[in-house]
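**Student:** If you scroll down you'll find the structure; I have some questions about it.
Any read-out appearing in this document is the output of simple, stated calculations on the displayed coordinates, not a laboratory observation. Note that the structure is predicted; figures quoted are calculated from it, not measured. For neighbour counting, all protein chains shown are included, and Cβ atoms are generated from backbone atoms with ideal geometry for every residue, glycine included.
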Amino acid sequence: MTDEKTMDEEQLIEDQLRTYGLMKFPENFMNIGLKTFSWVYDNRAEWVKFSEAWETATGLFQFWYLYVKLRASLSKSNDQSANGSDNENGGPVYTVPLDE
């Protein structure tokens, strides 16, 4: 059962990254207008560093904030695995709260 849960969590993380990574910033927004979150994360380290300091975000930036946190947690998880540490939880899962 633990393996199933881990695989489900891993799939959820992959799905979230894929979905959030395709989202784009608004046209003419600074130097990242119409760029996907994935592109910005890979090519604009200053935006990632700036966003990592946030405590909350709203609107489109909430998705960006969650994307940055999720990618960072996976990087840390991969670093731990490379160092021989096991991460039984497969890393955290970040979700956007829905209005009810």
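**Student:** Identify, please: which residue in segment 49-64 is of a type in the set (S, T, N, Q) and assigned to a helix (DSSP H, G or I) and is, among those, farthest from S77 (Cα to Cα)? Full working, then the answer.
**Tutor:** First, the residues of segment 49-64 that are of a type in the set (S, T, N, Q): 51, 56, 58, 62.
Next, only the ones that are assigned to a helix (DSSP H, G or I) stay: 51, 62.
Numbers: S51: 20, Q62: 22 Å.
Checked segment 49-64; the qualifying residue farthest from S77 (Cα to Cα) is Q62.
**Student:** Still on this structure, please answer the following. Before we move on, is E46 in contact (Cβ under 8 Å) with a residue 40 or more places away in the chain, out of contact with any helix residue (DSSP H, G or I) (no Cβ under 6 Å at 6 or more places or on another chain), among the charged types (D, E, K, R) and not in a loop (DSSP other than H, G, I, E, B)?
**Tutor:** On the way: in contact (Cβ under 8 Å) with a residue 40 or more places away in the chain: no; out of contact with any helix residue (DSSP H, G or I) (no Cβ under 6 Å at 6 or more places or on another chain): yes; among the charged types (D, E, K, R): yes; not in a loop (DSSP other than H, G, I, E, B): yes.
No: the conditions fail for E46.
**Student:** Still on this structure, please answer the following. Within segment 6-29, how many residues are surrounded by 11 or more Cβ atoms within 10 Å (Cβ to Cβ) and part of a loop (DSSP other than H, G, I, E, B)?
**Tutor:** Adding up the residues that qualify gives 3.
**Student:** Here are F63, F37, F50: which of them is aromatic (F, W, Y) and over 20 Å from D15 (Cβ atoms)? Even if it seems obvious, please write down each step before you answer.
**Tutor:** Numbers: F63 fails: over 20 Å from D15 (Cβ atoms); F37 fails: over 20 Å from D15 (Cβ atoms).
The match here is F50.
**Student:** Give the residues of segment 11-59 that are touching a Phe, Trp or Tyr at 6+ places or on another chain (Cβ under 7 Å) and basic (K, R), sorted by residue number.
**Tutor:** If the condition is that a residue be touching a Phe, Trp or Tyr at 6+ places or on another chain (Cβ under 7 Å) and basic (K, R), then K35 is the only one that fits.
**Student:** Counting only residues that are hydroxyl-bearing (S, T, Y) and in contact with a helix residue (DSSP H, G or I) (Cβ under 7 Å, 6 or more places away or on another chain), which one in segment 11-43 is nearest to Y67 (Cα to Cα)? Break it down into steps so the answer makes sense when it comes.
**Tutor:** In the first step, residues of segment 11-43 are kept if they are hydroxyl-bearing (S, T, Y); the result is 19-20, 36, 38, 41.
The next check asks that each one be in contact with a helix residue (DSSP H, G or I) (Cβ under 7 Å, 6 or more places away or on another chain); those that pass are 20, 36, 38, 41.
Values: Y20: 6, T36: 11, S38: 9, Y41: 9 Å.
Once the filter is applied, the top-ranked residue is Y20.
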